[in-house]
Amino acid sequence: MAEVRTLNFDYNIPDLLTDKIEVSDPYQNYNSRGNPTSFGVDLDFHEMHLSKTLKSSEFYLLRGKIEDTLRTWESKYQRHLDKIHKENRAEHVDELNQEAKEAIESLNNILSHTLSVDDTVDWDVIKRKDAFRVKPVKLFNDGNVPVFIKFNSYGRPTEFQKILPPAKPISEKIQFEKVKNEYGFFSRLFLGRKIKKDFDNSVIQSKKREEQAIKQWEKQIAKTGQANVYRERLFNQALAKFDNKKKKFEEEKQRENNALESIKARYIEKDPKAIEEYCDLVLNSSQYPDYFPHNWVLEYREDSRIAVVEYDLPAPDQLPTVEFYKYIKSRDEVSEKALTQAALKKLYDSVIYQICIRTIHELFEADVVNALDAVGFNGLVTNTNLATGIEDTKFIMSIMANKDQFMVFDLARVDPKATFKHMKGVAAFSLVNLTPIPPILQLDKSDKRFISGRNVVGNLDDSVNLAAMHWEDFEHLVRELFEKEFTSNGGEVKVTQASADGGVDAIAFDPDPIRGGKIVIQAKRYTNVVGVAAVRDLYGTVMNEGATKGVLVTTSDYGKDSYEFAKDKPLTLLNGSNLLSLLEKHGHKARINVTEAKKILNAQK
C-alpha cells in the first residue's frame, strides 16, 4: 500500500500582499498511467489579475518557488501603487490649483459679489428656526448612556427595554407505575409495600424541589421587577431632563426671536439704538472668507445721522499667497509657486479697498427707513510687529462717504481704490506696509460704563493709608491721578461703574498720534503681592477692549512671574512706591502701610 503523505509546509506572504493572495493547498500531479509526477500549488492575485501554477518534482522546493513568486508580485504591486499614488498626486495638484484659482477669484470679486445680493435685512430669515437636539450623554449625570434606552434622532428617549421575567418552574408528575417499573419482576411481586414507600418518598422529594424552585423563581421575579423599576426610573429621569432642556431651548429661541421683532419695530420707528442694531445685522449677514476677522464696532449718531464703523481688516499674511501648484514626478513632490511681492501688494490693496466700498454700499442699500446720511469707515489691522514680536493695531484707512453722492455710483464699473480717493478717503500710498493714519472720524469715546468721577485726591495727606482705603475710593483716586497725568496733552480719563470685580476701572484716551490711543487702567487695592493671574487678566482686557496699552496700579507689589509676563507686552505695572511717587509728582502726599491695612480691613469684616 502506497504511503499517504500530508502535503503542507509554511511559507511567508509579504505584508503588502496580506489578505490579497490566495494560495491553494499543495497537491500531487499524476501522469496518464496514474503514476505521480510532480507536486503543484496554485496562486491567485485577483486585484492585479495575476495567477500562476507552480510545479516541482521535489515537494519542499515549492515553498521557495511560492516565496519567489510572491516577492515578484510584491514588487509589481508596489509599482502599481506608486503609479496610482502619482496619478492621485497629479490629480490632487489639479484640485489644489483649482482651489488656489477660486481663492484669488473670490478676493477679486468681493465688491461685485455684494452687488448681486439684497443687503436689506430679511427678518424672517435671521430668526431662529433650529430644532432642539441633544446628545444622549448630556441627559445622564455620570455621562454613561444605558444600553437599554433607545433615543430618536433628536436625542429624545423613546423607550426602554424591560428584562423578561424567568419562566415559572414546571411541576414534576411522579407516576406510581413509573416507580414500580424500576424494580424487577420478583421485586414487584414481593416488595409492594417498599415500592409504595419509594413512590411516596419520590413525591415528597419532588414537592420539596418544586417548592425550592418556586422560591428561587419568586426571588428572580422580584429581582427582575426591581431592575425594571430602576430602568423605568432612569428612562423617566432622562425623558424629564430632555423635556426640561427642550423647554429652556424653546424659551430661549422665543426670547431671541421676540428681541428681533422688537428691534424691527423700533427700527421702523427710527429708534437710534435699533438703527445701530440693524446696521450690525447688515454687516453680520455679509459673507467673507473664513480667514477674514469679520469683527467691527459700530455706532449710530442720531444728531448727524452718521454710522461710524471701525472695521477689522485682514492682515497681509492672512491672504492666500500661492499662485499655482506643480507636481514634480521625478521627486514625487508637490511644489508651490508663490505670488510675487508685486502681485501680493496689488491683491492686498484691491481686497482692502473692496471691503471698504462694499461695507459702505451694504449699509446704504439696507437703509430702508432712510436713517443714514453718511457712513464713516475706519479700517484697522492687527498683526505681529516683526521687530518686537508684539501684536499691535493700526488704522490704515479712513473715509467719510456721503449717501447722496455714493448712491449714484455704478459700482459694477468702478475701481474701488479710485472711488476711495474720489471721496477724499485717507490711506497710505501702499496699504500692504500697514502705515498708520489718523482717522477722519473716530468712535464716540462715551461708554455706558463710564460714571462721573469724584474728588478723592484733594482729601489726601500723610495720615491716609492708601492700602486701607475703600476700594471704590481707591479707583476714583487712580482715575484722578491719571487724569492729571494725561490732561496736560489733551488726554481724558474716565472711571467705569464700580464693580470690585477686577474689571476695567478707568479708560484713558491719549490723543498723541504716536504714543497715544486707548489705555485700560485697573486699580488693585491689595495688601498681598499681586499674582500673575491679575496681570494676565489685564492683558486679556487690553485685547478685548482694542486698547493700545494697559496699566495696573496697586498698593502692594508684584511677583517675579508678573513682571516676567508683562515684559514684552504693552503693559505697565505700578507698585505702591510708584503710586506714591506719582502722587508726589502732582503735589499730593499719602502713605502705604500694608501691615496696618490688614489689621484695619480684618476688623471691618
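Brief remarks follow.
- Packing, taken as the mean count of other beta carbons within 10 Å per residue, orders the peptides 519-525, 369-375, 347-353 from highest to lowest as 519-525, 347-353, 369-375.
- The stretch between Thr388 and Gln220, if pulled fully straight at 0.36 nm per residue, gains 52.9 nm over its current Cα-Cα span.
- The distance linking the range 282-343 with the range 376-431 is 14 Å (Cα centroid to Cα centroid, whole angstrom).
- Cβ-based exposure ranking for Met48, Met400, in which fewest neighbours within 10 Å come first: Met48, Met400
- For the peptides 578-591, 212-225, the ranking by mean Cβ contacts within 10 Å, running from highest to lowest, is 578-591, 212-225.
- 26 Å Cα-Cα threshold exceeded, pairs from Lys326/Lys346; Lys20/Lys65; Lys567/Lys598; Lys346/Lys569; Lys484/Lys518; Lys569/Lys589: Lys567/Lys598; Lys346/Lys569; Lys569/Lys589
- For the range 128-158, the residues whose backbone nitrogen is under 12 Å from a point 7 Å from the Cα of Lys248, taken along Cα to Cβ, are 139.
- Sequence-separation-based contact order of the range 15-82, relative, with Cα cut under 8 Å and 6+ spacing, percent: 23
- Three-way shape call for the range 291-433 based on the alpha-carbon gyration tensor, with the a/c threshold at 1.5: prolate
- Distance from the range 547-580 to the range 246-266 (C-alpha centre basis), Å: 44
- In a simple Cβ point-charge model (Lys, Arg +1; Asp, Glu -1; nothing else charged), the range 15-82 has a dipole of about 360 debye relative to its Cα centre.
- Taking label positions 7 Å along the Cα-Cβ direction at both Lys270 and Asn578, the computed distance is 5.0 nm, reported to one decimal.
Rule-based calculations on the coordinates, nothing more; no lab input. What you are looking at is a predicted structure, and each value in this text was computed from that prediction instead of being measured. Glycine also receives a Cβ, built like all others from the backbone with ideal geometry; neighbour counts cover every protein chain displayed.
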